[in-house]
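Asker: Quick one: structure below, then a few questions.
Derivation of every value follows stated rules applied to the coordinates shown; laboratory data play no part. These numbers were taken from a predicted model, which means no experiment stands behind them. Counting neighbours? That spans all protein chains shown, and the Cβs are built from the backbone with ideal geometry, glycine included.
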Amino acid sequence: MKSLLISCVLLSITTLSFAQRSCGSTEYARRMNYDLSYNQANTGQTSLTSRDTFANEIITIPVVIHILYNNPTQNISDAQVMSQLRVLNEDFRRLNADASQTPEVFKSSAADCRIMFCLAQVNPRGAAQKGIVRKFTNRTSFSVDDDMKFSAAGGDDAWDTKKYLNIWVCNMQSNSIGYATPPNSEAERDGVVIQYDCFGTVGTVRYPFNKGRTATHEIAHWMGISHIWGDNSCGSDGIDDTPRQSNYNNNCPSFPKLSSCSPNANGDMFMNFMDYTNDACMNMFTNGQKQKMRNVFSGTGYRNSFLKSYACDSSLATAAPAVTEPVKQEKPEPSVVIYPNPVQEQMQLMPVNGYDLKGKIVSIFTPSGVLINTRKLNASTDKIDVSTLKQGVYVVKIGDNNERKVLKLIKN
């Protein structure tokens with residue numbers, strides 16, 4: 001009886017943690033050394049290559065969905081994809097039916113962000129192609145390390161991130177159900193990742209993430225918006241019209257929800273899309289959040305190039321239509337991944353799709369090319385001690401010639 005009680009308690013704790021929202025965006029940005037306090041301006045933009053947004057302009061963002069599946073359940077339907085796009089267009093235009101549930105005291109702050117999303121109809125080569133890419137992967141799951149963004153690691157390479165919002169839908173191995181890159185991220189990594197059963201409102205979706213708000217939350221990160229509690233106790237998200245709160249909220253609090261740093265009796269704005277509440281309890285962005293999101297599309301903003309992206313209109317295709325082939329369960333090319341990454345003590349190189357590690361030479365370099373360590377692998381299970389490395393980013397080279405692989409290592 002005692003063991004049964006303990007088992008039931010553990011099951012309850014596991015179920016509760018699984019049903020609570022967890023976003024990996026902030027931790028990801030810190031591990032990748034992205035500056036979350038970046039200036040909204042991109043000094044690389046010039047008046048010759050950009051235009052500013054117009055007053056009240058509706059910004060339309062072409063989206064490509066990369067569906068990575070290891071089994072039929074993970075291969076979500078077109079209907080599930082389109083249900084997610086519908087939610088995005090409702091949430092960012094404040095056309096969501098549950099907008100009426102915003103407490104009266106916060107309604108004056110609620111905003112129509114005038115941002116919309118369309119499924120891409122033209123691929124980067126200029127050919128007419130629907131922006132849903134389906135790809136079988138031998139990877140049973142992915143962690144918050146960007147492997148899903150690279151074909152060589154069992155994922156799928158991004159379409160041009162200056163013209164398309166890339167969203168990878170896959171099975172994630174951690175408790176995180178999504179993460180996004182900030183606007184100042186590396187181009188080949190730029191985009192959003194969502195757990196496959198937390199995407200859209202129909203098909204393979206699970207409660208309480210069955211209203212499509214995980215993507216709303218993560219795409220706002222992609223546009224530079226922070227969590228409403230500033231990822232700190234009584235922290236600031238840098239937005240004037242979001243009240244401070246002591247921490248994130250889970251589940252579905254009752255209004256008003258007061259905390260130790262509530263500025264007044266209205267308490268937490270827990271119904272904001274940037275809190276951690278259930279999908280059914282989120283329903284608003286503020287005017288301040290709207291302005292910050294739109295700033296990244298301004299003349300000097302990091303995402304200004306989207307104002308010149310016309311990939312939503314198939315009539316503008318300039319190449320022959322892309323050949324649509326039946327979905328094949330093909331293996332990606334042999335590759336290797338570092339586990340864990342980030343690492344503290346020992347790293348292990350894990351072969352993917354038959355890559356042979358035995359006999360390969362492994363070299364670790366600083367980003368400037370200084371050789372730190374080199375050794376020969378006697379077996380694919382060999383571990384490499386990196387405990388003496390200082391915290392930072394390193395380059396790992398494995399093998400030579402056609403079998404050479406170059407990976408990024410993060411040492412904590």
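Asker: Indicate the gyration tensor shape class of the stretch 126-226 (rounded, prolate or oblate), computed on the Cα atoms with a ≥ b ≥ c the square roots of the eigenvalues: a/c under 1.5 is rounded; otherwise a/b larger than b/c is prolate and the rest oblate.
Answerer: Numbers: a/c = 1.34, a/b = 1.15, b/c = 1.16.
Note, shape of the stretch 126-226 comes out rounded.
Asker: Which of the lysines could a cross-linker span from Lys135 if the Cα-Cα distance has to be under 16 Å and same-chain partners fewer than 8 positions apart are dropped?
Answerer: Leaving aside lysines fewer than 8 places away in the same chain, those within reach of Lys135 are Lys149, Lys328, Lys331.
Asker: Which order do the peptides 339-352, 364-377, 110-123 take when ranked by the mean count of other beta-carbon atoms within 10 Å per residue, highest first?
Answerer: Numbers: 339-352: 16.2, 364-377: 12.6, 110-123: 19.9.
Order by mean packing, descending: 110-123, 339-352, 364-377.
Asker: Given Lys360/Lys397; Lys162/Lys411; Lys376/Lys397, which pairs have Cα atoms separated by over 21 Å?
Answerer: Values: Lys360/Lys397 10 Å; Lys162/Lys411 30 Å; Lys376/Lys397 12 Å.
Going by Cα-Cα distance, Lys162/Lys411 fall outside the 21 Å limit.
Asker: Against the longest alpha carbon principal axis of the chain, how many degrees, from 0 to 90 and to the nearest 10, is the axis of helix 78-91 turned?
Answerer: 40
Asker: Ignoring solvent entirely, what values of log10 I(q)/I(0) come out of the Debye formula for the stretch 335-411 at 0.11, 0.16, 0.21, 0.28 Å⁻¹ when each Cα is a single scatterer?
Answerer: Here log10 of I(q) over I(0) equals -0.24, -0.51, -0.91, -1.63.
Asker: A follow-up question, please. Got the relative contact order for the chain handy, in percent, Cα pairs under 8 Å and 6 or more residues apart?
Answerer: On the way: 882 pairs, mean separation 75.9, N = 412.
This gives 18 percent for the chain.
Asker: Using only the alpha carbons of the chain, what is the convex hull's orientation-averaged projected area in square nanometres? Mind dumping the intermediate values first?
Answerer: Numbers: hull surface 97.1 nm².
Across all orientations, the chain yields a mean hull projection of 24.3 nm².
Asker: Let me ask something else. With +1 assigned to the C-beta of every Lys and Arg and -1 to the C-beta of every Asp and Glu, and no other charges, what is the dipole magnitude of the stretch 194-302 about the Cα centre in debye, to the nearest 20?
Answerer: On the way: 8 positive and 9 negative charges, 35 e Å.
Here the stretch 194-302 has a charge dipole of around 160 debye.
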